[in-house]
1. Would you confirm whether any residue within region 56-71 is loosely packed, with under 12 Cβ neighbours inside 10 Å, over 23 Å from the mean Cα position of the chain (by Cα) and outside any loop (DSSP other than H, G, I, E, B)?
2. Out of Ala359, Ala321, Ala346, I need the residue that is farther than 25 Å from Pro187 by Cβ, crowded, with 20+ Cβ neighbours inside 10 Å, among the small types (Gly, Ala, Ser) and touching a helix residue (DSSP H, G or I) at 6+ places or on another chain (Cβ under 6 Å). Which one?
3. Would you mind stating whether Phe167 is in contact (Cβ under 8 Å) with a residue 24 or more places away in the chain and touching a Gly at 6+ places or on another chain (Cβ under 7 Å)?
4. May I ask you to say which residue of Val144, Val125, Val131 is assigned to a loop (DSSP other than H, G, I, E, B) and closer than 21 Å to Ile222 by Cβ?
5. Of all residues being part of a helix (DSSP H, G or I) and in contact (Cβ under 8 Å) with a residue 40 or more places away in the chain in region 229-243, which is nearest to the ligand (Cβ to nearest atom)? Just the residue, please.
6. Can you list residue pairs whose Cβ atoms sit under 7 Å apart, with the first residue in region 249-271 being within 15 Å of Pro309 (Cβ to Cβ) and the second being modelled with pLDDT of 95 or more and within 12 Å of the ligand (Cβ to nearest atom)? Count only pairs 6 or more apart in sequence or on different chains.
7. Look through Ser106, Ser122, Ser111 and report the one residue that is surrounded by 21 or more Cβ atoms within 10 Å (Cβ to Cβ), out of contact with any Ser or Thr (no Cβ under 8 Å at 6 or more places or on another chain) and hydroxyl-bearing (Ser, Thr, Tyr).
8. Quick one: in region 167-213, of everything that is among the charged types (D, E, K, R), modelled with pLDDT of 95 or more and not in a helix (DSSP H, G or I), which residue is farthest from the chain's Cα centre (by Cα)?
Amino acid sequence: SLDVSSLMKQSGMTALDQGFVNTASTKSKITFIDGANGILRYRGYPIEELAARSTFLEVAYLLIYGELPTKLEYENFAERIRRHTLIHEDLKRFFNALPTHAHPMSVLSSSVSALSTYYEDSLDVHDPEAVELNMIRLLAKIPVLAAYAHKKSIGQAFLYPDNSLEFVENFLKLNFGVLAEPYEVSPVLAKALDRLLILHADHEQNASTSTVRLVGSTEANIYASVSAGISALYGPLHGGANEAVLTMLKQIQESGEGVERFVQRVKNKEDGVRLMGFGHRVYKSYDPRAKLVKESADEVLSDLGVHDPMLEIAMELEQVALNDDYFKERRLYPNVDFYTGIIYKAMGFPTRMFTVLFAIGRLPGWLAHWNEANLDPKNKIGRPQQLYIGETERHYPEDRTYR
Ligand code: ACO
């Protein structure tokens with residue numbers, strides 16, 4: 001890769017790269033992807049090893065601090081997060097102002113933005129202790145806000161975090177526990193969810209992470225930056241694809257049109273219909289995360305004794321697509337979102353919560369990138385150029401009398 005920007009600046013040239021297909025916006029030490037060979041590593045560690053042997057909190061530590069924690073470092077980190085799980089009672093009332101049918105992603109992004117109003121120390125983005133404290137607060141509180149967004153959407157009371165539990169167990173209880181009733185966390189669910197969160201934890205300069213870095217480049221506080229990241233993730237071409245996949249599978253099932261006919265409609269680009277959960281800007285081979293998610297889908301469904309016809313439709317879709325020239329020529333393979341929804345559904349999450357789960361997973365990546373950029377003395381405000389293609393100069397008509 002060439003650092004040609006200064007050369008181009010001197011010569012007055014501008015490169016047009018719509019969608020940033022070839023333009024690197026930054027250097028980064030956090031995540032490595034080789035899209036041609038389906039390789040993904042966090043801080044050098046292969047995703048397969050982390051998914052098999054690490055935990056989500058350990059991966060969060062690794063992404064943010066650059067190294068695996070010692071036992072003591074891990075315990076301190078987990079304890080600090082536990083100590084910050086409470087949400088200010090006033091902020092809970094904020095949820096009452098929103099309609100019950102509000103999408104949980106909108107609720108999450110706005111509540112994270114509102115969270116900043118409680119922590120004025122977040123305005124000092126150059127105080128490393130304040131930055132660290134606010135990263136801990138976000139790791140602790142976003143899962144709680146996410147669970148409250150879920151509870152709100154089903155009209156149930158919010159629970160207080162149970163800090164005797166581990167991170168993921170606590171999250172499951174906040175979502176599925178009911179006030180004044182005992183709740184037994186399923187170890188199968190907890191392990192599967194932890195693994196899914198690891199798989200989502202970072203993916204270098206994807207749309208939401210680039211958004212977090214761009215907003216952060218203005219020295220906006222970390223809550224505002226993460227809230228913007230959540231908004232970017234919301235779209236169906238990014239994190240929202242996990243929800244869109246389930247909607248697509250349901251439509252195929254309910255319409256009875258069959259997988260072959262649906263794939264034909266995708267190939268004909270009828271009404272712009274796409275095979276959701278397929279294709280990726282970077283992976284031009286099987287997404288390594290999708291492989292691991294598929295394994296988890298089989299395990300979780302059989303452990304829970306769930307038979308879901310959606311899994312069969314998804315597997316048939318995958319087979320038809322992988323053997324079809326349209327998808328082969330364009331190198332379109334399942335991405336991380338193709339099978340996750342089936343697992344989340346088996347766990348009991350409503351479809352509208354799927355992208356929220358992605359956001360919880362991606363949070364450590366957003367924080368690590370925000371922090372990396374913030375600590376970089378060469379970091380500059382992100383300000384892309386454009387090629388103007390509008391009208392040349394024209395004049396406001398002198399005889400114009402109406403407005
Ligand atoms: N279904 C059908 N055709 C597709 C799909 C798809 N899912 N994805 C790409 N194509 C086709 C395009 O129509 C285009 O074909 P053409 O050359 O005949 O016009 C070609 O493949 C290239 O597609 P682009 O849109 O240029 O690829 P890009 O890299 O810009 O887009 C994206 C990547 C947005 C992920 C795309 O593959 C897509 O829309 N996928 C479905 C949504 C999805 O699953 N998103 C999640 C991505 S992973 C993540 O964010 C976690």
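1. Yes: one or more hits.
2. Ala321
3. no
4. Val125 is the lone residue from the list that is assigned to a loop (DSSP other than H, G, I, E, B) and closer than 21 Å to Ile222 by Cβ.
5. Ala241
6. Pairs found: Ile252/Phe262; Val259/Leu317.
7. Step by step, each of Ser106, Ser122, Ser111 is checked, and only Ser111 is surrounded by 21 or more Cβ atoms within 10 Å (Cβ to Cβ), out of contact with any Ser or Thr (no Cβ under 8 Å at 6 or more places or on another chain) and hydroxyl-bearing (Ser, Thr, Tyr).
8. Glu204
The values are calculated or read from the model by the stated rules, or taken from the named source; none is laboratory data. In this text the structure is predicted, and so the values were computed from the model without any measurement. Methodologically, a virtual Cβ is constructed for each residue, glycine included, from the backbone with ideal geometry; neighbour enumeration extends over all protein chains shown.
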